[in-house]
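Here's the structure, in structure tokens; my notes come after.
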């Protein structure tokens, strides 16, 4: 294994700028790593080796001509397969899109290309990002590099496992209810959900439009910040994109200090239902922040108890509408009914029956039911009111604290199949991450250690909308203090090596 | 199942049996939102307050027709080819 593999994006950027390595060498090292370990991990659905190396060559040529280049130019990255890439198959983990070659790039992909970042390939996910384990991918699950008998989280388990098993220094994720943060937690990596609208969603295959947010996946807080700076900023192609200047998130990490900061522990996001080792790891991290001068306060957000229920009405309702576009008419799969007349409506039903997996069918039907006449007010209308209550709870909590913290997920990585037959048990994984999506506030997860079962635990930091910098500050300090305690990075200390521990 | 028909998803008998049971459990679990959704609470549809977003109407070059049709299940004469859409009930 090349030493370039496992090097942070920040360090790779420094080596590239100093011309100590070329982007072709860095990109090839990661492609080799994918070839070496991804047969077992299955983080990528496909790679784009030739295109990645060609992009790397262009960066190297520009650098040798002395052109000024963006900071991360030449650093390769993997992209979640619900983000469209021109000329590179994009499936969202679904049979219904198998073989689809998008004719355009998502805005974040345009930005990666402009930043000179070679795209290694597309990462696995639960079908249309519906799930917490990647077990709902139509193309088979991704395995957790810490224990290949366990899930890597979801929906973005592919992106998280790719960075955890050193196949890529960085990856793109999307977070609708925790799909960046929960995989980060269970793989010992860093995942960030920016403020709603902070990163353009043009070209993200929509799941629930009032909740979806693209964000960075990385191994360190600083790397996440550097990627966030590449992705962030206004995009006229996304009407929900925020038109505000992007601060330096990486400066917030480097100059991080929590002295005098008020850190709020959310009473409802802990205690009963949270694994003992998860709680212990959380308490240890909290103690380190207190020792560094932060004031720890307890806050209560009583409406969070209703967040999961509201989420599983709002998400299916929006998904049932968004996924109506997969009708077998203009792109993707088309299946003709086996008997009877071949009419458009019957082709649509046959195509969707054959092309969608169980979880997608479950959520579309639930959403259609929740939006139907006679149920709308009781279900969707009530869920939107809960959303208001959750926003009020956040507003009151942020009066008393600068950031809020909790464990990212109630348990460490579970075994394959453990929750597959019980949708409600699967949904409970996202209980701590969902409130931020409902309120549009930013959140991130970073590793706080390992539980009694030897598996990683995630620490979640939540900030008010538009204050993403604040969570980078707290995470930057916590990461530094934890690594001093561990004597290095969590993945290195525990020798996580693509399944070969 | 009426809702599956509304959602344009063809289900097998086995799928209908399984999904119906699961959906009953999920629907009763999520129905608890009505416990706190009192009439005095306004609804929120969007996490960040936004009014209409306007921009200048600037002409741009659209995607090439050939690129778009290349991904279609059926295309003829520069158009999508689709199954019969009229007189479906005939």
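The values are calculated or read from the model by the stated rules, or taken from the named source; none is laboratory data. All figures in this text were calculated on a predicted structure; none of them were measured in a lab. Don't worry about glycine lacking a Cβ; one is built from the backbone with ideal geometry, like all the others, and counts go over all protein chains shown.
Of the residues A:239, A:210, which single one is within 14 Å of chain B (Cβ to nearest Cβ), under 20 Å from residue B:47 (Cα atoms) and within 20 Å of the chain's Cα centre (by Cα)?
Just a single option satisfies the conditions, and that option is A:210.
State which residue is farthest from the other protein chains (Cβ to nearest Cβ) when the search covers only the range A:343-356 and only residues that are surrounded by fewer than 20 Cβ atoms within 10 Å (Cβ to Cβ) and in contact with a helix residue (DSSP H, G or I) (Cβ under 9 Å, 6 or more places away or on another chain).
Residue satisfying both the conditions and the ranking: A:354.
Collect the residues in the range A:258-273 that are surrounded by 13 or more Cβ atoms within 10 Å (Cβ to Cβ) and either modelled with pLDDT of 95 or more or not in a loop (DSSP other than H, G, I, E, B) (or both), keeping them in residue-number order.
Listed by number, the residues that qualify are A:258, A:261, A:262, A:263, A:264, A:265, A:266, A:267, A:268, A:269.
Within the range A:357-374, how many residues turn out to be over 21 Å from residue A:423 (Cα atoms) and more than 9 Å from every other protein chain (Cβ to nearest Cβ)?
2
Tell me, yes or no, whether the range A:375-395 has at least one residue that is in a loop (DSSP other than H, G, I, E, B), more than 7 Å from chain B (Cβ to nearest Cβ) and either under 15 Å from residue A:95 (Cα atoms) or under 28 Å from the mean Cα position of the chain (by Cα) (or both).
Within the range A:375-395, none of the residues are in a loop (DSSP other than H, G, I, E, B), more than 7 Å from chain B (Cβ to nearest Cβ) and either under 15 Å from residue A:95 (Cα atoms) or under 28 Å from the mean Cα position of the chain (by Cα) (or both).
Using the structure shown, decide if residue A:183 is touching a strand residue (DSSP E or B) at 6+ places or on another chain (Cβ under 8 Å), away from every other protein chain (no Cβ under 12 Å) and under 21 Å from residue A:404 (Cα atoms).
So residue A:183 fits the description; yes.
In the set B:33, B:41, which member is surrounded by 10 or more Cβ atoms within 10 Å (Cβ to Cβ), in a helix (DSSP H, G or I), free of Cβ contacts under 8 Å to residues at least 60 places away in the same chain and within 9 Å of another protein chain (Cβ to nearest Cβ)?
When all the criteria are applied, what remains is B:33.
Could you count how many residues in the range A:304-337 are touching a residue at least 24 places away in the same chain (Cβ under 8 Å), in a loop (DSSP other than H, G, I, E, B) and more than 8 Å from chain B (Cβ to nearest Cβ)?
1
Tally up the residues in the range A:375-415 that are in contact (Cβ under 8 Å) with a residue 12 or more places away in the chain and either buried (at least 17 other Cβ atoms within 10 Å of the Cβ) or at positive phi (or both), please.
Number satisfying all stated conditions: 28.
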